[in-house]
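Some notes on the structure that comes next.
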Amino acid sequence: MQIAPRQVRLIPAQFARPFVKSNKNDSGDEEAIAEAVARQNMRFVPIKTGDQLDLQSLQRVRERLVHRRAALINQIRGSLLERGIVFAKGPANLRKQIPPLLEDAEQNITPRMRTLLAHLWQEWKPSTPTTATVAAVTEQPSAKGESLLSGWV
């Protein structure tokens, strides 16, 4: 007895969902998937290549780093705003205005707050090169000699 080779196909969950008859359980899901696969007009999702999975992971890491950097900038700006010190959004403005602010003893900042701001500043400084490094890795050629971004437009 030989088993016929099977073709692996992925079905998006939203296409199988209409065929679920009762509460969510494994047997109900299996039945819904089997019924969905039997449909003539069912659309399937292509299986991702290793390079596509790499790019997806890199994009997620970069998104997390950018989010963390923005949170730090907003926390610094919010703490300073409560003390009446205002500067514009963005990493370029932070890079320009924080060092003179930390060195200026004339500012309306307590020593405790100055220490906290110095700590946040030290935490933020290395985050910018890390984000740039992830972006550079994304541009590196894959094993096939193509950029990870080729084919993802």
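Tell me, which helices (runs of 4 or more DSSP H) lie completely within the range 1-84 with 2 or more residues that are modelled with pLDDT of 90 or more?
50-81
Considering every residue within the range 90-101, establish whether at least one is of a type outside the set (D, E, K, R), surrounded by 10 or more Cβ atoms within 10 Å (Cβ to Cβ) and touching a residue at least 24 places away in the same chain (Cβ under 8 Å).
yes
Residues to consider are SER79, SER57; find the one that is among the hydroxyl-bearing types (Ser, Thr, Tyr), within 30 Å of GLU123 (Cα to Cα) and surrounded by 13 or more Cβ atoms within 10 Å (Cβ to Cβ).
Testing whether each residue is among the hydroxyl-bearing types (Ser, Thr, Tyr), within 30 Å of GLU123 (Cα to Cα) and surrounded by 13 or more Cβ atoms within 10 Å (Cβ to Cβ) leaves just SER79.
Taking the range 56-101 on its own, how many of its residues are under 18 Å from the mean Cα position of the chain (by Cα) and among the charged types (D, E, K, R)?
6
TRP121 - would you say it is within 24 Å of ARG64 (Cβ to Cβ) and at pLDDT 70 or above?
yes
Do you know which residues across the range 85-112 are part of a helix (DSSP H, G or I) and either in contact with a helix residue (DSSP H, G or I) (Cβ under 7 Å, 6 or more places away or on another chain) or under 25 Å from ARG62 (Cβ atoms) (or both)?
Once the filter is applied, which keeps residues that are part of a helix (DSSP H, G or I) and either in contact with a helix residue (DSSP H, G or I) (Cβ under 7 Å, 6 or more places away or on another chain) or under 25 Å from ARG62 (Cβ atoms) (or both), the range 85-112 yields PRO91, ALA92, ASN93, LEU94, ARG95, LYS96, ILE98, LEU102.
Taking the stated definitions as given, is ALA13 more than 30 Å from LEU117 (Cα to Cα) and among the small types (Gly, Ala, Ser)?
In short, yes.
Does at least one position in the range 124-138 carry a residue that is part of a helix (DSSP H, G or I) and either within 30 Å of PHE15 (Cα to Cα) or modelled with pLDDT of 85 or more (or both)?
no
Could you tell me which numbered condition MET42 fails, if it satisfies all but one of (1) free of Cβ contacts under 8 Å to residues at least 40 places away in the same chain; (2) among the hydrophobic types (A, V, I, L, M, F, W, C); (3) touching a helix residue (DSSP H, G or I) at 6+ places or on another chain (Cβ under 7 Å); (4) not assigned by TED's automatic domain parsing to the domain that holds PRO18?
(4)
The values are calculated or read from the model by the stated rules, or taken from the named source; none is laboratory data. Owing to the predicted nature of the structure, the values given are computational and were not obtained by experimental measurement. Cβ sites come from the backbone with ideal geometry, for glycine too, and all protein chains shown count toward neighbours.
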